[in-house]
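The values are calculated or read from the model by the stated rules, or taken from the named source; none is laboratory data. Note that the structure is predicted; figures quoted are calculated from it, not measured. FYI the Cβ positions are ideal-geometry reconstructions off the backbone, even for glycines, and counts take in every protein chain you see. The area values use the complete protein model at the heavy-atom level, side chains included, leaving out ligands, DNA and RNA. Shrake-Rupley method; radii C 1.70, N 1.55, O 1.52, S 1.80 Å.
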Amino acid sequence: MNPVAANDTIMQEITIDGTAERIFQALTNPEERLKWWGGPGARFKLTDFESDLRSGGKWIMHAESSGRLVTIRGEYREIIRPRLLVFTWLPDWYENATESLVRWDLDEQNGVTTVRLTHSGLITEASRESHRGWPQIVGWLKAYVE
């Protein structure tokens with residue numbers, strides 16, 4: 001589950017024994033996301049998630065990360081339930097952060113779903129380095145759904 005980085009993009013793919021609808025729900029429902037985003041002993045633990053799940057809708061999440069509070073916010077760009085979720089991503093944990101784009105593609109075959117995460121627009125080495133946690137996050141999602 002090592003992420004693949006190409007220029008300004010990090011890609012992560014995983015297979016989850018669960019339907020695309022179930023995974024989409026875990027990604028988008030605030031109550032569910034609070035249950036899985038930050039597993040036991042994690043250095044990043046979600047504490048609050050608010051979401052207006054519609055194209056153009058805003059979202060914001062707060063988390064504890066390595067002993068400090070951080071905020072990430074964005075806007076939904078494309079939603080095709082249960083196959084695609086695209087949103088902007090703007091973290092506050094490093095100086096001069098720029099907005100990037102997160103895309104979740106869900107491809108279900110016989111109740112098993114290939115989940116492909118693509119995080120693009122990470123234009124600096126600092127931004128790419130600060131987003132190396134995606135393998136852990138998709139692992140939490142897998143553990144939660146299965």
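Kindly indicate the residue of the stretch 100-146 that is of a type in the set (D, E, K, R) and modelled with pLDDT of 90 or more and also least open to solvent (accessible area, probe 1.4 Å) among those meeting that condition. First the steps, then the outcome.
Taking the stretch 100-146 first, the residues of a type in the set (D, E, K, R) are 103, 105, 107-108, 116, 125, 128-129, 132, 142, 146.
Applying the additional criterion that residues be modelled with pLDDT of 90 or more yields 103, 105, 107-108, 116, 142, 146.
Values: Arg103: 91, Asp105: 34, Asp107: 85, Glu108: 73, Arg116: 99, Lys142: 60, Glu146: 111 Å².
Filtering first and then ranking leaves Asp105.
With respect to the conditions (1) open to solvent by 30 Å² or more (accessible area, probe 1.4 Å); (2) touching a helix residue (DSSP H, G or I) at 6+ places or on another chain (Cβ under 8 Å), Trp36 falls short on a single one, namely (1). Within the stretch 87-99, restricting attention to residues that are crowded, with 18+ Cβ neighbours inside 10 Å and modelled with pLDDT of 95 or more, the residue that is farthest from Leu117 (Cα to Cα) is Trp89.
From the list Ile23, Ile79, the one residue that fits, being crowded, with 17+ Cβ neighbours inside 10 Å, of a type outside the set (D, E, K, R) and either in a helix (DSSP H, G or I) or at positive phi (or both), is Ile23.
Would you check if there is a residue in the stretch 7-26 being over 19 Å from Val138 (Cα atoms), of a type outside the set (Ser, Thr, Tyr) and without any contact (Cβ under 8 Å) to a residue 60 or more places away in the chain? Yes - at least one qualifying residue is present in the stretch 7-26. Within the stretch 43-68, the set of residues being open to solvent by 60 Å² or more (accessible area, probe 1.4 Å), assigned to a strand (DSSP E or B), touching a Ser or Thr at 6+ places or on another chain (Cβ under 9 Å) and modelled with pLDDT under 95 comprises Lys45, Glu64. Among the residues making up the stretch 91-109, those that are touching a helix residue (DSSP H, G or I) at 6+ places or on another chain (Cβ under 9 Å) and among the acidic types (Asp, Glu) are Glu95, Asp107, Glu108.
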